[in-house]
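Remarks on the structure that follows.
The values are calculated or read from the model by the stated rules, or taken from the named source; none is laboratory data. Source: prediction; values computed, not measured. Cβ coordinates were reconstructed from backbone atoms using ideal geometry, including for glycine residues, and neighbour counts include every protein chain displayed. Heavy atoms of the whole protein, side chains included, go into the accessibility calculation; ligands, DNA and RNA do not. Shrake-Rupley method; radii C 1.70, N 1.55, O 1.52, S 1.80 Å.
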Amino acid sequence: MSQTSDKLQITEQLLEAVNANNEDYAQQILTSLVPEEIAEILEATPPKQRYPLWVHLSPEIQGEVIGHTNEEVRSSLLQQLDNQEIIELTEELGTDDITDIVQSLPEEGQQHILDNLSDEERTAVETALSYPEDTAGGLMSTDIVTVRSDVSLEVVLRLLRKMGSLPEATLDLIVRDREGQYEGVLRVNDLITNDEDTLVHELVKKKDAIKATTSDKDVAHYFEKNDIISAAVVDENNLILGRITIDDIVDIIREEAEHAQMASAGLTEEEDLFSPPLRSAKRRSFWLGINLLTALFASTVIGAFEATIQQIVALAILMPIVASMGGIAGTQTATIVIRALATGKLGAKNSRALVLKEGLVGFLNGLIWSVLTGATAAIWFDQLSLGMIFGAAMLLNLIAAAVAGAMIPLALNKFKIDPALASGLMLTTVTDSLGFFVFLGLATIILV
């Protein structure tokens, strides 16, 4: 059985146990799952069953579970909890997870939670809240260990023994000077394998810190490029604010993949699977309206050649093929460009070369398919001129689609519009309208 089928089966068994008030069996299933899996089950559960399932969770893991749900599901659960219950959720959480929960609350609820945090936690959360969610400052955790560079390893070891435990995924200790400015890292391995009278600055490894204003995408690229599991976050004065760990990067990568998939349909990855129909309809209606306008534009192009189509019925059979081939070619190019923009591989200096390359790809593909489809159309309808027109339209549309597929995402990105969200509709408009116009226009000039 596939992993997806297993997950679905567990979800169904769990909901059946909850509906039947079979608490023992529900607990048995829940204890076999990690918080991330429980969060996915909550997202796949209808709202009426979601809260009854939530109350079956052990209070010790509720905070971690809710931190892994998407924003809309998290908000829906928090709305059903009172302030004291929310405070209890945050007791065992890191400051980055507390920040996520606070961001999902209304202003009054946010202030109540902040007032009940320790001074250190409140300062850390308020610092994180001062940065946008999609920046290093918004992602970072303040659960860190910092040591001064002018002390000995013996002092550091005494500090760690006093702490009792290290934050998760700690392989490096962050090194600072007396003023709190970042200097580098001290590897835990070096700490335990060197003499205790060695000074920290003798073992410091130079490792770039991440500015708090760095976008989450750039943070993910930095981790990927440098093959690291954690990095310090600093402000504009190089003062240490916190750190980002590899689990945060995994979340970013997953969210980016979900965003790209959902944005292609004009949706958001944060939408609750079971959000109210009216809310979902409202969100989707905008893009349906935009799509209607583009379809009307394409229909207007066809309408301008109504007389030609009435005289040559074969045109009505062939013209969807031209538009469809152009759409596929444009989508292929747009996907490559959007991916390159997202990974930081495409910028102002190399974009022109890519547009020219994709134009050439469109020409070569157009040449191949114009010959094949043109010959097929000529044989099918026993009309050489129709086949030649069809082939010419195919060639021109595939070239235009490739160029448009490259330029539309680049233009949207320049104007700070998400290319994944708007490229598809714009590209469809270009390929459909241009394909119809070229094919029917040539047919009008030559055949009518």
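The table below gives the values:
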{"item": "Condition check for residue 368: open to solvent by 30 Å² or more (accessible area, probe 1.4 Å) and in contact with a Ser or Thr (Cβ under 7 Å, 6 or more places away or on another chain)", "result": "no"}
{"item": "Meets criteria (open to solvent by 50 Å² or more (accessible area, probe 1.4 Å) and in a loop (DSSP other than H, G, I, E, B)) for residue 64", "result": "no"}
{"item": "Among the residues listed as 59, 52, 46, the single one being under 27 Å from residue 279 (Cα atoms), without any contact (Cβ under 8 Å) to a residue 60 or more places away in the chain and surrounded by fewer than 16 Cβ atoms within 10 Å (Cβ to Cβ)", "result": "52"}
{"item": "Single residue of the range 179-210 satisfying the filter (in a strand (DSSP E or B) and out of contact with any Ser or Thr (no Cβ under 6 Å at 6 or more places or on another chain)) that is surrounded by the fewest Cβ atoms within 10 Å (Cβ to Cβ)", "result": "205"}
{"item": "Residue check, residue 176 surrounded by fewer than 19 Cβ atoms within 10 Å (Cβ to Cβ) and not hydrophobic (A, V, I, L, M, F, W, C)", "result": "no"}
{"item": "Candidate set: the range 78-114, residues that are in a helix (DSSP H, G or I) and among the polar types (S, T, N, Q); chosen: the one surrounded by the most Cβ atoms within 10 Å (Cβ to Cβ)", "result": "99"}
{"item": "Odd one out for residue 141, checked against (1) in contact (Cβ under 8 Å) with a residue 40 or more places away in the chain; (2) within 21 Å of the chain's Cα centre (by Cα); (3) over 30 Å from residue 196 (Cβ atoms)", "result": "(3)"}
{"item": "Test: residue in the range 341-364 that is among the hydroxyl-bearing types (Ser, Thr, Tyr), open to solvent by 40 Å² or more (accessible area, probe 1.4 Å), touching a residue at least 40 places away in the same chain (Cβ under 8 Å) and part of a helix (DSSP H, G or I)", "result": "no"}
{"item": "For residue 136: the one exception among (1) among the hydrophobic types (A, V, I, L, M, F, W, C); (2) within 26 Å of the chain's Cα centre (by Cα); (3) exposed (fewer than 13 other Cβ atoms within 10 Å of the Cβ)", "result": "(3)"}
{"item": "Count - residues of the range 165-178 that are outside any strand (DSSP E or B) and under 32 Å from the mean Cα position of the chain (by Cα)", "result": "6"}
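A quick yes/no check of all residues on (1) surrounded by 14 or more Cβ atoms within 10 Å (Cβ to Cβ); (2) more than 24 Å from the chain's Cα centre (by Cα); (3) assigned to a strand (DSSP E or B):
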| site | (1), (2), (3) |
| --- | --- |
| 243 | yes, no, yes |
| 257 | no, no, no |
| 278 | no, yes, no |
| 298 | yes, yes, no |
| 309 | yes, yes, no |
| 326 | yes, yes, no |
| 332 | yes, no, no |
